[in-house]
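Okay, so here's the structure we're looking at.
The values are calculated or read from the model by the stated rules, or taken from the named source; none is laboratory data. The structure displayed is predicted, hence computed values, not measured ones. Virtual Cβ from ideal backbone geometry, glycine too; neighbours counted across all protein chains shown. Only protein heavy atoms, including side chains, enter the accessible area calculation; ligands, DNA and RNA are left aside. Shrake-Rupley method; radii C 1.70, N 1.55, O 1.52, S 1.80 Å.
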Amino acid sequence: MTQLGTTFAALVIVPLSDKVGRKPIMLLFLYGGAAVYGVLMVLGDVEQTGGFAYYGYCLCKLFAGILGGSKTLATVCIQDIFADPKQKAAKSQATMPLGVLGAAIGSIFGMIMFNATGRLMSGGWFSMGISLFGGLLFTFRVPFWLPPPKDSNAADKLQVQNAGFDPNTVSDHSTAFDMNACPKELPQQLYRQILLASFLDSIGTQGLFSALTLILFTRFVYFVENPSDAALTSFGLIVFILIGLIMAIPSLGKRGAGFNAVLGNGATGLAQLILIFMNQPAAFLTVLYIGISFSFFSTVSYMPMLIEICPPDQRGKVTGTYGAIGNFTGFVMPLLIAIMSDYASNEAALAICAVFSFLGFMASLPLVKRFPGKIPEVKLSDEEQAHIDGDPHYLSAAEINKINKERMAKGEPALNMRFGDYKNDEPYLQLIQKLGRRDFRDMRQHVNEMFDILKAGGPNAEALSRAARERIVADTARFDAGEFDEEAKEMGLWLAKYLWYNGHGWNKFTPMYKVMIMSAFPPLPRIDQGAELAEAMPAFLGWLDDEMSLVKDDPWQSYSMLDKYHTLKLH
């Protein structure tokens with residue numbers, strides 16, 4: 001009943017905070033929850049409440065869930081407080097281990113109070129006190145209103161100004177488009193993909209938890225005969241959940257939320273399939289605990305994705321919907337698993353949950369590239385750093401994108417860069433290669449940002465498409481008029497020297513080298529010839545991914561090893 005109530009709270013009440021403010025809803029949850037626990041204390045005296053006690057208890061559990069959305073709303077408040085998306089994700093994830101720790105502490109206090117008073121519901125006094133304390137703390141220590149941003153445009157402009165930009169310096173020219181100051185829209189297709197993966201993941205994960213609560217007792221008589229040892233399995237569950245969180249949360253930054261989602265779903269499905277064949281209690285619990293630990297890789301992955309794409313004025317709705325999915329599956333799946341176990345078998349229930357985990361694995365695969373890990377820092381020597389700083393022809397992809405965003409906001413053409421003299425770059429080719437992986441990742445992130453605007457549709461997508469088309473058409477006209485001839489000659493000479501001085505006789509096998517160039521740079525949809533930006537973006541992203549897979553940190557070493565191998569084979 002509690003899960004059903006929290007589903008309602010997350011789906012209906014939490015989204016109201018987008019309109020009336022966070023604080024009033026949070027106070028409703030905290031003070032309302034305290035009142036429900038107070039009623040539960042009264043119902044605990046069966047001599048006074050009589051036959052109504054059971055029905056009253058069920059009703060209170062339902063209202064405890066309805067007024068139990070404080071954890072979901074807390075993550076929304078954290079998103080409001082922190083402007084940096086990385087901090088939003090990191091601080092929001094902190095609520096999960098705190099929730100597990102709080103549940104463990106609450107269980108311990110409940111047992112202590114039961115042993116001290118002999119009354120089963122006496123632990124509710126502790127719960128009521130904690131809720132009241134939280135309400136008072138929120139009343140006097142949190143700003144009176146704590147409203148959400150009134151509109152995403154205002155919120156985004158505030159963050160842009162904090163970053164040192166002026167969002168008001170936007171030209172009325174049709175080629176102007178300020179990506180930093182435009183209202184953020186929710187990309188519906190990506191949003192639905194994340195929710196689908198989360199839903200399938202929740203169903204699959206419930207199979208693991210049912211293995212601890214239901215299958216453990218029906219398969220192994222030992223735990224029925226030794227309830228104290230059975231209680232220890234719950235303690236082990238808490239320990240391995242914390243271990244899973246300790247592993248999963250750092251992995252978000254290093255490998256990315258998409259990778260975590262795939263790993264968690266795959267590990268959950270695999271663990272459930274193995275559990276089907278486990279007939280020894282120790283082996284069963286070992287696989288179960290390891291599977292639960294790895295399941296949290298995916299559990300912690302979806303909220304950072306939603307934080308990244310969510311407009312400020314829809315945080316309550318998006319976070320609430322995500323929370324409702326977990327609560328709903330937590331309410332429905334234990335019932336369905338119990339029914340499947342009764343009318344089919346425990347093994348069938350685990351197998352079906354494993355199927356959903358593998359479906360979640362498949363649904364998460366498209367999210368890997370969209371939500372990659374942190375772009376790695378490149379460590380440079382003092383000499384390398386001095387070369388980069390002194391090279392007038394070098395800018396990182398992040399710097400170029402920042403400059404071009406500012407120029408686009410003013411309706412100015414994109415920055416034109418020159419290749420420079422190959423002789424200046426020749427001693428530092430490996431350095432350029434080393435910086436390449438970071439630049440490709442930065443560029444992909446920038447293109448993803450533009451693609452999210454396009455996928456969200458509306459006036460922003462139209463304005464971006466129009467600005468991109470007119471800028472590219474103008475640049476093509478300048479190229480056809482010969483304005484870029486000097487830059488083109490410089491690029492051609494750089495490429496010719498690179499090929500020649502690295503063992504490629506380009507003027508001996510020209511058709512072959514033309515094919516190689518065409519293979520490295522395949523035709524992409526041309527916006528200046530009528531292709532839509534929404535069509536060109538996926539093609540460009542696909543090309544970027546292909547190139548990223550080819551970029552090696554040290555191709556010289558790879559080819560020298562290959563050459564050594566063939567030399568040995570020949571002799």
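What are the ³J(HN,Hα) values, in whole Hz, obtained from phi via the Karplus relation 6.51 cos²θ - 1.76 cosθ + 1.60 with θ = phi - 60°, for each residue of region 514-527 in sequence order, with x given for Gly and Pro?
Working through the residues one at a time gives 5, 5, 4, 5, 5, 5, 6, 10, x, x, 10, x, 9, 5 Hz.
How large is the Kirkwood hydrodynamic radius of region 283-425, in angstrom, based on all distinct alpha carbon pairs?
Computed over region 283-425, the radius equals 21.0 Å.
If the label point is 7 Å along Cα→Cβ of Trp506, which residues in region 394-421 have backbone nitrogen under 18 Å from it?
Flagged as within label range: 418-421.
So, in Å, what gap is there between the alpha-carbon centers of region 481-528 and region 374-433?
Distance between centres, Cα-based: 20 Å.
I need the semi-axes of the equivalent ellipsoid of region 344-401: take the C-alpha gyration tensor, multiply each eigenvalue by 5, square-root it, list largest first in whole angstrom.
Equivalent-ellipsoid dimensions as semi-axes: 51, 13, 5 Å.
Using a 1.4 Å probe and ignoring any ligands, DNA or RNA, find the accessible area of Leu429 and quote it in Å² to the nearest 10.
Accessible area of Leu429: about 20 Å².
Of all alpha-carbon pairs in region 417-551, indicate the percentage at a distance above 28 angstrom.
Of all Cα-Cα pairs in region 417-551, 30 percent lie more than 28 Å apart.
Rounded to the nearest 20 Debye, what is the dipole magnitude of region 314-451 about its Cα centre when Lys and Arg each give +1 and Asp and Glu each give -1 at the C-beta? Walk me through the numbers before you get to the answer.
Numbers: 17 positive and 17 negative charges, 119 e Å.
That gives region 314-451 a dipole magnitude of about 580 debye.
In nm, give the distance between the simple-model label positions of Ala283 and Lys374, each being 7 Å from the Cα along the Cα-to-Cβ direction.
4.1
In what sequence, highest mean first, do 332-341, 12-21 appear when ranked by Cβ atoms within 10 angstrom?
Sorting 332-341, 12-21 by mean packing, highest first, produces 12-21, 332-341.
Taking the Cα centre of region 358-514 as the origin, how large is its charge dipole in debye, to the nearest 20, when only Lys and Arg (+1) and Asp and Glu (-1) carry charge on their Cβ atoms?
820
How many nm is it between the label spots at Lys514 and Ser549, if each spot is 7 Å from the Cα in line with the beta carbon?
So the two model labels end up 2.8 nm from each other.
Could I have the simple spin-label model distance between Lys489 and Ile243, label points 7 Å from Cα toward Cβ, reported in nm to one decimal?
Each label point is offset 7 Å from its Cα along the Cβ direction, giving 6.9 nm.
How would Met362, Met26, Met443 rank on accessible area, largest to smallest, probe 1.4 Å?
Correct descending sequence by accessible area is Met362, Met443, Met26.
Find the eigenvalues of the gyration tensor of the Cα atoms of region 394-494, then list the square roots of 5 times those eigenvalues as equivalent ellipsoid semi-axes, largest first, in whole angstrom.
Three semi-axes, in Å: 28, 20, 10.
Give me the three principal axis extents of region 265-332 from the C-alpha atoms, as integers in angstrom, largest value leading.
Ordered largest first, region 265-332 gives principal extents of 52, 24, 15 Å.
How do 267-273, 457-463, 285-291 rank on mean C-beta neighbours within 10 Å, highest first? Don't jump to the answer; show the numbers that get you there.
Working: 267-273: 24.6, 457-463: 14.4, 285-291: 20.3.
Ranking the peptides 267-273, 457-463, 285-291 by packing returns 267-273, 285-291, 457-463.
With charges set only on the Cβ (+1 for Lys and Arg, -1 for Asp and Glu), what does the dipole of region 440-491 come to about its Cα centre, in debye to the nearest 20?
Roughly 360 debye for region 440-491.
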